[in-house]
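*Asks:* Just dropping this structure here.
The values are calculated or read from the model by the stated rules, or taken from the named source; none is laboratory data. Values in this document were obtained by computation on a predicted structure and should not be read as measured data. Backbone-built Cβ (ideal geometry, glycine too); neighbour counts: all protein chains shown.
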Amino acid sequence: MTVAATTHRLHLKTNRTVDLTVDGQHVRVPEGSTIMKACQEVGIGTPTLCYEQTLTPVNACRVCVVEMEGSRALVPACARKVEPDMVIWTDSERVRHSRKLVLELLASSVDLSYAPDEVQGYLDHYDARPERFGPPDTSDGAVHRDHTQAGHHIPTTNGYAATVAQPPKIDNELYIRDYSRCILCYKCVEACGVDAQNTFAIAVAGRGFDAHISTEFAAPLPDSACVYCGNCIAVCPTGALIFKSEYDMRQAETWDEERQTETDTICPYCGVGCTLRLHVQDNRIVKVTSPMDHDVTNGNLCIKGRFGWQFVQNRARDTGVEESVGTS
Amino acid sequence: MLKAIHNGARLYVVDPRRTSSAQWADGWLGLDVGSDIALANAIGREIIEAGLCNHAFIEHSTLNFQEYKAGVESYTLEYAERETGVPAQAIRELAHAYARADRAQLCWTLGITEHHNAVDNVLALINLSLLTGHVGRYGSGLCPLRGQNNVQGGGDMGAIPNRLPGGNDVEIAEQREPFERAYGVSIQAKPGMHLTEMFDAMEHGAMTVVYIVGENPAQSEAEMDRAIRLLSGLECLVVQDMFLTKTAELADVVFPAAASWCESEGTVTNSERRVQRVRKALDPPPGAKDDIEILCEMAFRLGHDWGHPSAEEIWDELRSLSSWHQGMSYQRLEAEGGLHWPCPSEVEPDSKFLHGWLWQHPVGGPLAPFHAVEHDPPIDKLTDDFPVRLTTGRRLESFNTGVQTSGYTSPLRRGESLDIHPDDGRSWGISDGERVRVVSRRGEVEVVVRYDPILRPGLTFMTLHFQDDVATNLLTIDATDPKSGTAEFKAAAIRVEKLNVEAAKTVEVAAVAGGES
């Protein structure tokens, strides 16, 4: 495995600092930092789902909330800026209870089986037991979720957990959307919008429990504004958006991250010089990501860099290429 | 760029087509193809006229301002409006916005350089940066956006006719000699040929053996039927490529090569002169070898034992000869995520921008000269027989002759089309999706028409991506810039013919014949 170390280049706008207290420890951080940054300074980890360093915080998932003395409500650590003499508690009973409930509500309604191991770690850490809401309710017409009208929500059968279960949307050869895995963190909407791609192909549609990520009029991707940059896939924290290559391998039960290597190289197309992180299994590229902390494009790619690598493995691999050598 | 726009930067787009960038712009200057100098000179004249030049910078750091001023005197806004098709007021607005900005950049791509007067086009833009001092400072400058991942690096490594690695000039003895000493050979003290000259040399029989590495000129050259004829007539053609391209099919010998970006180690240099590492992630298919190995094997058979150097050993040899790259150890390239040349020392930072010395007191290098250049429209003139302008370019999901991008399925891909403005379609009686014949002075192709409102009436667009289906380069002209050797891919004159005229006649004849029987 040859993952390149990339530099973290901090662009701080001020030299002024703010003093605060986190879990009884004094912390000094630059003005404008978030509470989460202050926590990192003293080695306190914060669970996050909707946070991404390259995106504007949207405070959607509430799993990072902390207790701030003097504040009636818990505050989101990923977005709330530090203020002088703040007193923060990250592991109080109230915080633990809130994080546990948020995780239980998400895990009971959404399929988190493709989420990274750290998400399962959060559930274990906070002793979340999503099963206490009962078995998943499969009675409602999940396939109609795209077209639910406001006010027409079908209540869940008593004793069963409401879910966002629905079939995956497979409408192109590059990536698939499985919204039964979607926690509505908004990261894909942000990456498609002003935070990265500025294409605005997707947004949140619907209200309340019927809210969902959708293209305009729920059009299939090839009929939408999508330009297939895949920057939404890159930020999806639960595997709701995945490469078709990954999806197919998972269906065939050949997807095995243990056997995969990650190698950083440079995209073979234009002169921007985006870093491609090639995920390789059995000498085949199975997906492509890009490091968020590399300052050429901060993890963003275009369709060619994200998906245009197939040609290297279309060449004869097993039969040898000698027979195609020209001798005219 | 969009981030900058969201932060309040102003964007002006000068492009014959109203591109998606233009749709975000404060102003779109939709000029006629090949009128770039008329526009740039008019902007320069307006900046001078309005008293907006940076006189302190001009006096301190530049040469030939008076000649330039005299040269642009006749380029009034009214003249420019006539020559470019852009309203005088829009040109004036751009001139003032550029001159008044604290920091401003001019970025361009092949729309400037794929012309018979490519170098003059670039000089016209350099003049504007000298006029306003928008060069050599953080956030200001001139930025040619490179179209390939290592076209900059190829030039930096000496793959241009008059240069050795690190920009050293073959004609200057003290720059050439270190290479002769290091390589133990003498290097001819005059420039070699660029691609266009090579094809001329093939035509005249002066070049009979060609060794092509990783390029597909049988499909990428303007007037491609000529390129194919000349390549086919060689005594010996060797092609080293990842694919059996159309060029490789013409070859006497093909060396199957590993993919340099994912099957071997090395570096590439991007548009911003940033050298970055490429790494081996995959084993190449059986029979395909690393480019280094192929070249060393060739050298061995020609009597030179170069051994089996690693990519890093070759890089370190380059560093010993190129001051631009001296400070760029592999270790540092890894740790810092790439470095911009010049980077002469391992203990100093790299160079984020060039020409900062123009601002030093006294100036830390040669003064920057203005070059007065004249508007010179495209070679392929529009006439009654060929009344329509064809320009070429890329589409988002495809790349060049498509040997790489044809390998994946893209929902955005629609295949080749002749894109025309809907108004033209209506006035020519050609509907969206109709198949037509496109004829230039050099050749003809059949292709489907697509209405595209980002074009202007009289302007059409095609790509080079699907040469197997539609050989666009049968239409393009190989009129080339004598200074850069670049062909005028951006400006061909064509006419569009309906296909069903003959078909309709045939039907008519059949009907008449049927009536008689």
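*Asks:* Considering only residues of segment B:195-252 that are among the aromatic types (Phe, Trp, Tyr) and under 24 Å from B:PRO285 (Cβ atoms), which is modelled with the lowest pLDDT? Even if it seems obvious, please write down each step before you answer.
*Replies:* Quick first cut of segment B:195-252, residues among the aromatic types (Phe, Trp, Tyr) only: B:199, B:211, B:243.
Okay, now just the ones that are also under 24 Å from B:PRO285 (Cβ atoms), so B:211, B:243.
Values: B:TYR211: 97, B:PHE243: 92.
Residue satisfying both the conditions and the ranking: B:PHE243.
*Asks:* Is one or more of the residues making up segment A:293-304 hydrophobic (A, V, I, L, M, F, W, C) and in contact with a Gly (Cβ under 7 Å, 6 or more places away or on another chain)?
*Replies:* yes
*Asks:* Same structure again: How do the pairs read when you match residues in segment B:434-458 that are more than 14 Å from B:LEU475 (Cα to Cα) with residues anywhere that are among the polar types (S, T, N, Q), using Cβ under 6 Å and keeping only pairs 6 or more apart or on different chains?
*Replies:* Going by the 6 Å Cβ cut-off, the qualifying pairs are B:VAL448/B:SER417; B:ARG450/B:SER417.
*Asks:* For segment A:154-176, name all the residues that are away from every other protein chain (no Cβ under 14 Å) and either more than 21 Å from the chain's Cα centre (by Cα) or among the β-branched types (Val, Ile, Thr) (or both).
*Replies:* A:ILE154, A:PRO155, A:THR156, A:THR157, A:ASN158, A:GLY159, A:TYR160, A:ALA161, A:ALA162, A:THR163, A:VAL164
*Asks:* Here is a list: B:THR391, B:THR401. Which entry is crowded, with 21+ Cβ neighbours inside 10 Å and at pLDDT 90 or above?
*Replies:* B:THR391
*Asks:* Within segment B:349-360, identify whether any single residue is under 28 Å from B:ASP241 (Cα atoms), within 14 Å of chain A (Cβ to nearest Cβ) and in contact with a Leu (Cβ under 7 Å, 6 or more places away or on another chain), and answer yes or no.
*Replies:* no
*Asks:* Would it be correct to say that B:TYR75 is under 18 Å from B:LEU39 (Cβ atoms), in contact (Cβ under 8 Å) with a residue 24 or more places away in the chain, in a helix (DSSP H, G or I) and not charged (D, E, K, R)? First the steps, then the outcome.
*Replies:* On the way: under 18 Å from B:LEU39 (Cβ atoms): yes; in contact (Cβ under 8 Å) with a residue 24 or more places away in the chain: yes; in a helix (DSSP H, G or I): no; not charged (D, E, K, R): yes.
No.
*Asks:* So which residues in segment B:90-126 are in a helix (DSSP H, G or I), among the acidic types (Asp, Glu) and touching a Lys or Arg at 6+ places or on another chain (Cβ under 9 Å), if there are any at all?
*Replies:* Initial filter on segment B:90-126 (in a helix (DSSP H, G or I)): B:90-100, B:110-113, B:118-126.
Next, only the ones that are among the acidic types (Asp, Glu) stay: B:93, B:120.
Within segment B:90-126, just B:ASP120 meets the criteria.
*Asks:* Moving on. What do you reckon, is B:VAL509 among the aliphatic types (A, V, I, L, M), modelled with pLDDT of 85 or more and out of contact with any Gly (no Cβ under 6 Å at 6 or more places or on another chain)?
*Replies:* Here the answer is no, as B:VAL509 does not meet what is asked.
*Asks:* Just to verify a result, which residue in segment A:172-207, among those that are in contact with a Lys or Arg (Cβ under 8 Å, 6 or more places away or on another chain) and among the charged types (D, E, K, R), is nearest to A:ASP137 (Cα to Cα)?
*Replies:* So the residue we want is A:ASP178.
*Asks:* Residues that are under 17 Å from the mean Cα position of the chain (by Cα) and closer than 29 Å to B:ARG274 by Cα, at least 3 per element: which strands (runs of 3 or more DSSP E) completely within segment A:216-323 meet that?
*Replies:* In segment A:216-323, the matching strands (runs of 3 or more DSSP E) lie at A:284-289.
*Asks:* Test B:THR247 against the criterion of being farther than 24 Å from A:LEU278 by Cβ, buried (at least 17 other Cβ atoms within 10 Å of the Cβ) and within 13 Å of another protein chain (Cβ to nearest Cβ), and give yes or no.
*Replies:* yes
*Asks:* Failed condition for A:THR254, given (1) among the hydroxyl-bearing types (Ser, Thr, Tyr); (2) surrounded by fewer than 20 Cβ atoms within 10 Å (Cβ to Cβ); (3) within 20 Å of A:THR199 (Cβ to Cβ), with all others met?
*Replies:* Evaluating A:THR254 over (1) among the hydroxyl-bearing types (Ser, Thr, Tyr); (2) surrounded by fewer than 20 Cβ atoms within 10 Å (Cβ to Cβ); (3) within 20 Å of A:THR199 (Cβ to Cβ) leaves (3) as the failure.
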